[in-house]
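The values are calculated or read from the model by the stated rules, or taken from the named source; none is laboratory data. Every value quoted in this text rests on a predicted model; they were computed, and no experiment measured them. We place every Cβ from the backbone using ideal geometry, glycine too, and count neighbours over all the protein chains shown.
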Amino acid sequence: MRKLRIVKDKTARLLMLGFAIFTIMFLIVIGLSLFFKALPIMREKNLWFLLTSSSWKPFKGDFGFLPFIVSTIYVSLIAIFIALPFSILTSIYLNSYASKRIRRFFEPVVDLLSGIPPVIYGVWGTLTIVPLISNKIAPRFVEFSTGYTVLAGGIVLAVMIIPLLISIMVEVFRSIPVVMTDASLSLGATKWQTVKKVILRKSFPGIIAATVLALSRAFGETMAVLMVCGNIPQIPKSFFDACYPLPALIANNYGEMLSMPSYESALMFAAFLLFVIVVLFNGASRFTLNQIEKRYQFS
């Protein structure tokens with residue numbers, strides 16, 4: 001009987017190890033597949049030219065990806081700067097101030113917002129955010145704007161990632177031991193002082209992790225951003241210029257340009273570039289998060 005339990009334990013351990021290795025291999029296979037598909041354009045053009053050129057003329061063989069890289073970064077950063085403060089304050093309210101009745105109402109609503117298809121957010125952005133920017137906001141800063149701008153993409157993307165951030169942060173805040181908050185309150189601290197000195201301090205690594213996950217989603221979001229950004233291959237000089245993120249480039253052109261090998265390879269290079277950006281960003285963020293966790297573990 002004892003030998004049977006040992007065999008079952010080893011079998012389960014090896015099975016789980018196999019699944020873990022398969023997950024890692026799956027990531028490597030995706031990266032290699034994109035790399036080999038993008039290899040022809042990297043052999044045809046200098047890699048530095050591909051990354052730093054602003055010239056996008058596919059029918060003349062010019063494939064400069066700098067406008068798409070800059071657009072992706074701009075839209076994602078605007079989204080996180082808008083969404084992060086809103087999500088943190090909402091999560092603090094739901095965790096520390098809201099009654100059980102209010103939490104029972106709001107938490108399913110947040111989950112529902114997470115499940116809305118991106119195209120719905122895109123339609124909403126086209127009908128509301130784009131006219132708002134074109135008619136109300138942009139005229140205060142520039143002479144003319146169509147509304148299909150970096151700012152529109154950032155706002156729509158922010159609305160999309162807010163439910164994800166709130167869901168994760170509420171769980172992070174709830175993971176703080178109750179005895180710590182009770183001890184702070186018993187010493188005479190106000191609820192806000194307890195939130196600031198105990199909850200936010202101890203949950204800081206979790207907030208960083210939630211932000212990383214939200215940014216990863218923002219980098220790869222396609223449909224909603226595609227519908228409100230204008231899709232012009234240029235480096236945006238202000239929030240009121242049109243832009244063209246990498247996911248939108250791939251979604252707009254891949255199905256139509258399979259007959260042009262160099263164009264197809266260029267689009268695969270865009271996909272590989274997006275893959276590398278997300279992997280490097282997550283790796284750097286994971287390293288930073290580990291350092292923060294070590295620091296807060298002993299603080």
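Tell me which of these Arg101 doesn't satisfy, since it passes every other one: (1) within 26 Å of the chain's Cα centre (by Cα); (2) closer than 30 Å to Met169 by Cβ.
(1)
Tell me which residues, restricted to region 162-177, are surrounded by fewer than 17 Cβ atoms within 10 Å (Cβ to Cβ) and not in a helix (DSSP H, G or I).
Once the filter is applied, which keeps residues that are surrounded by fewer than 17 Cβ atoms within 10 Å (Cβ to Cβ) and not in a helix (DSSP H, G or I), region 162-177 yields Ser175, Pro177.
Answer yes if at least one residue in region 132-142 is in contact with a helix residue (DSSP H, G or I) (Cβ under 7 Å, 6 or more places away or on another chain), part of a helix (DSSP H, G or I) and modelled with pLDDT of 90 or more, and no otherwise.
yes
If you check Ile120 against the conditions, is it of a type outside the set (Lys, Arg), part of a helix (DSSP H, G or I) and surrounded by fewer than 14 Cβ atoms within 10 Å (Cβ to Cβ)?
Judged against the criteria, Ile120 is a match.
Taking Ala183, is it more than 16 Å from the chain's Cα centre (by Cα), among the small types (Gly, Ala, Ser), surrounded by fewer than 19 Cβ atoms within 10 Å (Cβ to Cβ) and not in a helix (DSSP H, G or I)?
no
Can you find, within region 199-209, the residue that is surrounded by the most Cβ atoms within 10 Å (Cβ to Cβ) among those that are under 16 Å from Tyr93 (Cβ atoms) and not hydroxyl-bearing (Ser, Thr, Tyr)?
Ile199
Which pairs have Cβ atoms under 9 Å, sit 6 or more apart or on different chains, and link a residue in region 27-52 that is more than 15 Å from Ile277 (Cβ to Cβ) to one that is loosely packed, with under 12 Cβ neighbours inside 10 Å and at pLDDT below 90?
If the second residue must be loosely packed, with under 12 Cβ neighbours inside 10 Å and at pLDDT below 90, no pairs are left.
Can you name the residue in region 40-97 that is under 30 Å from Thr181 (Cα atoms) and among the polar types (S, T, N, Q) and is also surrounded by the most Cβ atoms within 10 Å (Cβ to Cβ) among such residues?
By that ranking, first place goes to Ser87.
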